[in-house]
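Below: the structure, in structure tokens.
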Amino acid sequence: MPKIISKKADHHCRRMTAAFSEYLDKDLRKQLCRKLEIHLTGCSDCRMYFDTLKRTVTLYRSLEQETLPKDTEKRLFATIKLARSKGKK
Amino acid sequence: MKQQIDQDILLQQARDGNSRSFNQLVKLHQSRVYSVALRLLGSQSEAEDVLQETFIALYQNLHHFRGGSKLATYLFRLATNFSLMKLRRSKRRGSDSSPLSLNVIEELPDKAASPLESLLSSEFRAVLDQQLQKLPAKDRAVVVLRDIEGLDGWQVAKILGLTLPAMKSKLHRSREFLRKNLSGYLKDS
Ligand SMILES: [Zn+2]
């Protein structure tokens, strides 16, 4: 939530920020998108909030898959082999 | 598309008892499954347990499982549920109802480089994972599945047994939490 916002604007901004995630995910109805974009143009607090939220999401989206340690893979296949032999009995 | 067809063939062969085909399916998905479990559990040994449980479950349910296109989703669901079950059992990280505490990052790595530039640094990746671990389990699962693994919103909701609005609300709350905790990195870059 933007930190420094006047009391009057607070309520309005709060309603806007709740929709930011959906906006980022392109899940927001067109009409609301437009409303939000207009608000962002005029409200620097929300703009900063939106910018940092977007960066956060971008960072997490760019995290790569963890690679499987070789030993872990070995043990996985050993376990599968065991399950298979049990299943055949 | 071709990969999908190959996977369907592998699945059918695995059902017919071809162990080599089953192993190939495992190889295709093992990193993804391990990755999700590791991010949810924050422990390599526990992630390894979940990895094994997931593929044993797949092996045992091969004949019940239909629809090759959803194998990845199916495995995500197994891995997520096994991980959440583990977390519930150990309760090490507090319950879902615990309020989000807005922690300040304890150790700040070099901020000279902008986050995106230092993206590849393992140090910064560790910070992202560290912050993720501070979220309640289900909120963390939402971020892992939606933002890191890139699943559709409705898929995430289904896997976690949430309604779509509930999932979206959790997602926003979690992103906000992470944003706040990472704010030191996000400015001036
Ligand atoms: Zn505003």
Note on region B:21-60: residues within 7 Å of chain A (Cβ to nearest Cβ), crowded, with 24+ Cβ neighbours inside 10 Å and over 23 Å from B:Gln130 (Cα atoms) are B:Phe55
If I filter region A:22-57 down to residues being facing another protein chain (nearest Cβ under 8 Å), of a type outside the set (A, V, I, L, M, F, W, C) and under 30 Å from B:Ser31 (Cβ atoms), which single residue comes out as surrounded by the fewest Cβ atoms within 10 Å (Cβ to Cβ)?
A:Asp27
Just a yes or no: is a residue in region B:144-167 buried (at least 21 other Cβ atoms within 10 Å of the Cβ) and among the hydroxyl-bearing types (Ser, Thr, Tyr)?
no
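No lab work stands behind these numbers, since they all come straight from the coordinates. Because the structure is a prediction, the values reported are computed rather than measured. Neighbour counts are summed over all protein chains in view; Cβ atoms, including those assigned to glycine, are modelled from backbone coordinates with ideal geometry.
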